[in-house]
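Enquirer: Please find one structure pasted underneath; my questions will follow.
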Amino acid sequence: MKSLLSLLFGLLLVLGSASAQELAPDAMVRQVTEDVLTVVRQDKDIQSGNTRKAIDLVESKVLPYFNFQRMTALAVGVDWKKATPEQKKRLSEEFKTLLVRTYSNALTSYKNQTVVYKPSKVAAGDAEAVVKTEIVQPGNRPVQLDYSLEKLGDSWKVYDVIVAGVSLVTNYRDTFKQEVSNNGIDGLITMLSNRNKQLESGRK
Amino acid sequence: MKPSLSNSVSCLACAVAILAGSGCATTANNPKDPFEGFNRAMFAVNEGLDVIVKPVAQGYDAAAPLPVKVVIGNFFGNIWDAWTAVNNLLQGKAGQAVSDVGRVLINSTAGIGGAFDVASEVGLTKHSEDFGQTLGKWGIGDGPYFYWPIIGPRTTRDSFGWLADTYFDPVWRIDNIAWRNSLVATRYIDRRASLLPSDKVVEEAAFDKYDYIRDAYLQHRRSEIFDGALPHELSDDDSLR
């Protein structure tokens, strides 16, 4: 009996340390979301539309869990292969800036929604996962908010965010494809960087 | 005057035929959007109308206390639930249809005429189905994309779906014209108000708002028709990493 107990205890320890190292994708999404919402709920500036503060929050709390290179590759589509490593780097930087702003703008519209986390099925050896959540707002239809994640080394990284069936990443695909066919990869980099500068300067 | 389905259908069919005939006059470089010229013009019309509609929605949003907005949202949501039940039945999802009927019964009685969403609290999930989704489930393809004045984006199939939705909409069938119009207007403003938070997000995320809305609408509808169970399009796109 005693040995069984110590075996159980040992097993718990192993499981416990494993989950501390690599948080399961659904647990990770929940933790990051709750961390961010805890701040937003107390921050009157963000609630009244201060995008700068929201961007700072997203950069510190959300960015480390996103794989922007993969996101950019998804948004660019087949043309991604044409890009040089240097172009890939610059594209990812610019696209990251735009996506962070989009995410931050969405946060400033937070009122009193609650987030429901749906159980996700991830097996031990899986390298890909989809975590489904639902934004519940009184008087309105709930909005589905899903994250696609992939396992990189020991940790999970988000590479797509899907709002009500709309991927914030692949929604750019036609636009990007057209720009690349008109002005090449460098044209797309310029388009993104001009847009970012324009938004940055227009900021209150 | 009640809307006549046959009139509206022939009117729409006529518009589609005229557009198809004048297809050569449009700048078609996106196969999903052969009538881009017309659509962009209508998009501009709507953006113009929104100069008036948006402040009204903002006023409503600011003036109405949250509980009032919730009651209004629930009231129209309850009417929509009944139509959702019909569409779920037409799509062969009997279980969901039964649950939707249960929702309407509970919310119309215990929820005092739909003012309170009691059914969600007892665990009956809210669904949302329209006739365009039903047609999609039956295998009818999107058809060309349209942007209509006031109504907004619809595929060809969903334009016909919208006609059916409107024809069977109990709000449009109210005999008292003053009542009917005020309910239609309230619902329109309530819907516009619910979109206010996404205005800035879309405005800043989009390189071209028209393109962004079109592509998002098409993705959204595809996901709705598959009830969100769309096989994730690109997760197997390993070559892109």
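The values are calculated or read from the model by the stated rules, or taken from the named source; none is laboratory data. Remember, it's a predicted structure, so these values are computed and weren't measured experimentally. Every residue, glycine as well, gets a Cβ built from its backbone with ideal geometry; the counts of neighbours run over all protein chains shown. Heavy atoms of the whole protein, side chains included, go into the accessibility calculation; ligands, DNA and RNA do not. Shrake-Rupley method; radii C 1.70, N 1.55, O 1.52, S 1.80 Å.
Enquirer: Just the Kirkwood number for segment A:65-135, please: inverse of mean 1/r across all distinct Cα pairs, in Å, one decimal.
Expert: So the Kirkwood estimate lands at 14.9 Å.
Enquirer: Hey, with R₀ at 41 Å, roughly what FRET efficiency would A:Thr38 and B:Ala178 work out to, going by the Cβ-Cβ distance, to 0.05?
Expert: 0.30
Enquirer: Going out from 0 in 5 Å bins, what whole percent of all Cα-Cα distances in segment A:125-204 drops into each bin?
Expert: 3, 12, 13, 13, 14, 18, 16, 7, 2, 0
Enquirer: Estimate the FRET efficiency between A:Lys61 and B:Asn30 by the formula 1/(1 + (r/R0)^6), using the beta-carbon distance for r and 45 Å for R0, to the nearest 0.05.
Expert: 0.75
Enquirer: Using the Kirkwood radius built from alpha carbon pairs, what does the Stokes-Einstein equation give as D for the protein assembly as shown at 37 °C and 0.692 mPa s, in µm² per second? Don't skip to the end; give the middle numbers.
Expert: Working: Rh = 24.2 Å.
After rounding, the answer is 136 µm²/s.
Enquirer: Sticking with this structure for a sec: Tally the DSSP beta bridges in segment A:2-201 and give the antiparallel ones as a percent, rounded to 5.
Expert: Percentage antiparallel, nearest 5: 95.
Enquirer: Taking each full run of DSSP H in chain A as one helix, which ones are at least 24 Å long along their axis (Cα atoms) and have mean Kyte-Doolittle hydropathy of at least 0.5?
Expert: A:2-21
Enquirer: Return the Cα extents of segment B:154-216 along principal axes one, two and three, sorted largest first, each rounded to a whole Å.
Expert: 45, 27, 11
Enquirer: Okay, moving on. Could you give P(r) for segment B:65-126, binned at 10 Å from zero, as whole percent values over all Cα-Cα pairs?
Expert: In order of increasing distance, the bins hold 27, 52, 19, 3 percent.
Enquirer: Another question, then. Distances longer than 31 Å among the Cα atoms of chain A: what percent of all pairs is that?
Expert: For chain A, the fraction of Cα-Cα distances above 31 Å is 29 percent.
Enquirer: I've got another one for you. Using a 1.4 Å probe on protein heavy atoms only, how many Å² of accessible area do A and B hide from each other, summed over both chains and rounded to 100? The partial results should precede the final answer.
Expert: Details: alone 12150 and 13680 Å², together 22530 Å².
When A and B are taken together, about 3300 Å² of accessible area is lost.
Enquirer: Now for a different question. Determine the equivalent ellipsoid of segment B:72-183 by diagonalising the alpha-carbon gyration tensor, then write out the semi-axes as square roots of 5 times the eigenvalues, largest first, rounded to whole Å. Please list the in-between numbers first.
Expert: Working: eigenvalues 127, 79, 23 Å².
One finds semi-axes of 25, 20, 11 Å for segment B:72-183.
Enquirer: While we're on this one: Points 7 angstrom from Cα along the Cβ direction at B:Ser128 and A:Gln31: gap in nanometres?
Expert: My value for the distance between the label points is 3.3 nm.
Enquirer: Quick one: if the Förster radius is 22 Å, what FRET efficiency do B:Ala229 and A:Ala123 give, using the C-beta to C-beta distance and rounding to 0.05?
Expert: Given R0 = 22 Å and the Cβ-Cβ separation, E is 0.70.
Enquirer: To continue, here is another question. To the nearest 500 deg cm²/dmol, what mean residue ellipticity at 222 nm is calculated for the protein assembly as shown from DSSP H runs of n ≥ 4 alone, each contributing -39,500 (n - 2.57), summed and divided by the residues? Could the numbers behind the result be given before it?
Expert: Details: 16 runs with 270 residues, N = 445.
Counting only the DSSP helices, I get -20500 deg cm²/dmol.
Enquirer: Now a separate question. If each residue of separation counts as 0.36 nm, what is the full-extension length gain between A:Thr190 and A:Thr114 once their alpha-carbon separation is subtracted?
Expert: That pair, A:Thr190 and A:Thr114, stretches by 23.5 nm at full extension.
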